[in-house]
Amino acid sequence: MTMDFATLTTVMRRLALQAGDRIMEIYDSPDFEVRTKSDDSPVTAADEAADAIISDGLRAAFPDVALVTEEQAASHGVTATTFLIVDPLDGTKEFVQRRGDFTVNIAYVVDGVPVRGVVYAPAKGRLFYTAADGQSVEETGDFAKDAPGATTPLSVNATPDNAALMVVATKSHRDQATDDYIARYGVRDMTSAGSSLKFCLVAVGEADLYPRLGRTMEWDTAAGHAVLTGAGGHVVDFDTLAPLAYGKDGFANPFFIAYAPGVALKSA
C-alpha cells in the first residue's frame, strides 16, 4: 500500500497526545502499581493503557500495515521491513521515579528505515514529530487533538566544534564503556536525559552526539531516529558505522551512535 503521510502524521500525533493524557492521569495519581516483566523491566498501568489507545487507533486507521508494539509480545514475532512500531511509554523507570523524562513513541518504518515518527514527553510538555513532508518540527501551544499548533522546524547543529562537543547520554543506564568512548572526544559539556528525548536534543541542536553502548530495542529508538533524520542527523551502528536498520530478528538493536553530521566519529 501507498502511505498517505499527511494522514499518518495526523493520526500518530493525535494518538500520542491521547496516550499522553492517560499516562499523566496515572502519573498524577497518589499511587500506582509497578510490576516486573519477564525481562526484569518495570511495567505500569500507564504503559498498558497508552498501548491500548495507540494500537487500537493505528489498527483502525492502517489495518493493512504490520504493527509492532513493546507491550504486545505476540507482535514481536512479526517479520516485515515496512511496519508501524510503538513504545507507548519509554522511560518507565523515570515514570516510576516521577522524574518526568518519559516519552510516547510511534514510528513508521519503510524498507528498514524509520521515515516518520512522533516523540511526546507529556510531563515536560514537549512534542516532536516529522511533518508530512519529512521535516521534523517541535510543536508548541495547547496540543489540541484535532488542530496542530505553531511548529518550529528542527535542525541539527550544522557546524559542531569537534574540539568542544555537547554530548547527551542516558540517565538510567550509564556505564564505564560509555564514559570511556565519550572521553575519546573533545567535550565541551555533557547532559543527561531519559528515554528517546536524547535523540530530540540532537535534533534541536542542543547536543551533537549521543552514543548508546547498551541494550535497546527498535521500539525504543525508531521514533527518535525518525525525528533526528528529519532534522538532518544520523544514527549508525556503533561497530560498522552503517545506518541503523530496522526489522531485525527479535527487534533488538546493536550499540549505536546518533549524531549531527559535522561530528567526526571515532571508530569503535
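The values are calculated or read from the model by the stated rules, or taken from the named source; none is laboratory data. This one's a predicted model, so the numbers in the text were calculated from it and none came from an experiment. Please note: Cβ atoms are built from the backbone with ideal geometry, for glycine as well, and neighbour counts cover all protein chains shown.
A few comments on the model shown:
- Scan the stretch 201-227 for residues that are over 19 Å from residue 161 (Cα atoms) and either touching a helix residue (DSSP H, G or I) at 6+ places or on another chain (Cβ under 6 Å) or part of a loop (DSSP other than H, G, I, E, B) (or both) and the total you get is 8.
- Summed over the stretch 60-100, the residues that are part of a strand (DSSP E or B) and either hydrophobic (A, V, I, L, M, F, W, C) or within 19 Å of residue 249 (Cβ to Cβ) (or both) give a count of 10.
- Test result for residue 250, closer than 15 Å to residue 70 by Cβ, touching a helix residue (DSSP H, G or I) at 6+ places or on another chain (Cβ under 8 Å) and surrounded by fewer than 20 Cβ atoms within 10 Å (Cβ to Cβ): yes
- As for the stretch 104-115, it holds no residue that is assigned to a loop (DSSP other than H, G, I, E, B) and farther than 21 Å from residue 228 by Cβ.
- Among the residues of the stretch 150-169, those that are farther than 26 Å from residue 179 by Cβ, modelled with pLDDT of 95 or more and not polar (S, T, N, Q) comprise 150, 153, 154.
- For the stretch 48-90, a residue qualifies if it is touching a Leu at 6+ places or on another chain (Cβ under 7 Å), touching a residue at least 12 places away in the same chain (Cβ under 8 Å) and not hydrophobic (A, V, I, L, M, F, W, C), and the qualifying residues are 55, 57.
- Single unsatisfied condition, residue 90 versus (1) at pLDDT 95 or above; (2) closer than 22 Å to residue 230 by Cα; (3) of a type outside the set (Phe, Trp, Tyr): (1)
- Within the stretch 17-59, restricting attention to residues that are crowded, with 16+ Cβ neighbours inside 10 Å and not in a helix (DSSP H, G or I), the residue that is modelled with the highest pLDDT is 44.
- Test: residue in the stretch 96-105 that is of a type in the set (Phe, Trp, Tyr) and out of contact with any Gly (no Cβ under 6 Å at 6 or more places or on another chain): no
- Here residue 123 clears all of (1) touching a helix residue (DSSP H, G or I) at 6+ places or on another chain (Cβ under 8 Å); (2) of a type in the set (A, V, I, L, M, F, W, C); (3) surrounded by 21 or more Cβ atoms within 10 Å (Cβ to Cβ) except the condition numbered (3).
- Selection within the stretch 67-100 - within 19 Å of residue 244 (Cβ to Cβ) and more than 16 Å from the chain's Cα centre (by Cα): 76, 78, 79, 80, 81, 82
- Test set (1) surrounded by 19 or more Cβ atoms within 10 Å (Cβ to Cβ); (2) within 18 Å of residue 69 (Cα to Cα) - residue 113 fails condition number: (1)
- Checking each residue in the stretch 159-200 for being of a type in the set (Ser, Thr, Tyr) and part of a helix (DSSP H, G or I) picks out 178, 181.
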